[in-house]
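Here's the structure, in structure tokens; my notes come after.
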Amino acid sequence: GAGVSQSPRYKVAKRGQDVALRCDPISGHVSLFWYQQALGQGPEFLTYFQNEAQLDKSGLPSDRFFAERPEGSVSTLKIQRTQQEDSAVYLCASSLLLGWGGHTDTQYFGPGTRLTVL
Amino acid sequence: AQSVTQLGSHVSVSEGALVLLRCNYSSSVPPYLFWYVQYPNQGLQLLLKYTTGATLVKGINGFEAEFKKSETSFHLTKPSAHMSDAAEYFCAVSEKNQGGKLIFGQGTELSVKP
């Protein structure tokens, strides 16, 4: 497909388990973003990659959250020792990085991974 | 820090009526402004964006928004609502030198009554 894909779509974890969420961006997109969307809220920024470089991780809520994009395409968001407050939809978005530092680019979003921590 | 406020978490209109969804931002420096729509179990889809130039921006599905610097607003409108417009709408901003990360409002759920 031509869009952003995420897997799994749904994940249930017991408190304390580690989880890994995958994002496949649109082919050729330089920028990749992760957002967290709690129930009834707008998405909140977690981290940003330009190719394989993680340029901004200011939104990661704790050191239990880790993201990587080793080859500049697929990205994985890992959450260690999950807590109930980690329950949310995790959204991935990608964009071309056309210029102006990327801040006018259109971000294309995947369907998200709904994480439920019991 | 930049923030985005969407007035009204839920708006209900009748089919054929005007849709008005409100968005205000906090920055003293005009940011770049976006409206996204989210249908159930789907990703966010861009409706329209303002970067520079004309302050009235037209988007997909008949939506438009007007950037008003004096009011720090970017309200979304559609002259005539369709049933298919029922969804969650998010206003977002991005700023220079921030890599393009989006700051979202809390969202407005639009219901359309037949």
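The values are calculated or read from the model by the stated rules, or taken from the named source; none is laboratory data. Fair warning: this is a prediction, and the values are worked out from it, not measured in the lab. Note that we place each Cβ from the backbone using ideal geometry, even for glycine, and neighbour counts take in every protein chain shown. All accessible areas refer to the heavy atoms of the entire protein, side chains included, with ligands and DNA or RNA removed. Shrake-Rupley method; radii C 1.70, N 1.55, O 1.52, S 1.80 Å.
Numbers at a glance
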quantity	calculated
Selection count, the stretch B:16-54, where residues are touching a strand residue (DSSP E or B) at 6+ places or on another chain (Cβ under 6 Å), open to solvent by 60 Å² or more (accessible area, probe 1.4 Å) and in a loop (DSSP other than H, G, I, E, B)	1
Positions within the stretch A:31-87 being free of Cβ contacts under 8 Å to residues at least 60 places away in the same chain and small (Gly, Ala, Ser), in sequence order	A:Ala38, A:Gly40, A:Gly42, A:Ala53, A:Ser58, A:Gly59, A:Ser62, A:Ala67, A:Gly72, A:Ser73, A:Ser75, A:Ser87
Residue satisfying all of: in the stretch B:1-32; of a type in the set (S, T, N, Q) and within 16 Å of B:Ala87 (Cβ to Cβ); modelled with the lowest pLDDT among these	B:Ser9
Verdict on A:Arg81 being open to solvent by 80 Å² or more (accessible area, probe 1.4 Å), charged (D, E, K, R), more than 11 Å from the chain's Cα centre (by Cα) and within 13 Å of another protein chain (Cβ to nearest Cβ)	no
Residue match in the stretch A:33-44 (condition: at positive phi and either at the interface with chain B (Cβ under 9 Å from one of its Cβ atoms) or open to solvent by less than 60 Å² (accessible area, probe 1.4 Å) (or both))	yes
Sole residue being part of a strand (DSSP E or B) and of a type in the set (Val, Ile, Thr), chosen from A:Thr76, A:Thr104, A:Thr82	A:Thr76
Members of the stretch A:21-32 that are open to solvent by less than 60 Å² (accessible area, probe 1.4 Å) and in a strand (DSSP E or B)	A:Leu21, A:Cys23, A:Asp24, A:Ser31, A:Leu32
Every residue from the stretch B:86-108 that is acidic (Asp, Glu) and within 13 Å of the chain's Cα centre (by Cα)	B:Glu88
A:Ser95 being out of contact with any helix residue (DSSP H, G or I) (no Cβ under 6 Å at 6 or more places or on another chain), open to solvent by less than 10 Å² (accessible area, probe 1.4 Å) and at pLDDT below 95	yes
Top-ranked residue in the stretch A:98-118 [being more than 10 Å from chain B (Cβ to nearest Cβ) and modelled with pLDDT of 95 or more; ranked as nearest to the chain's Cα centre (by Cα)]	A:Thr113
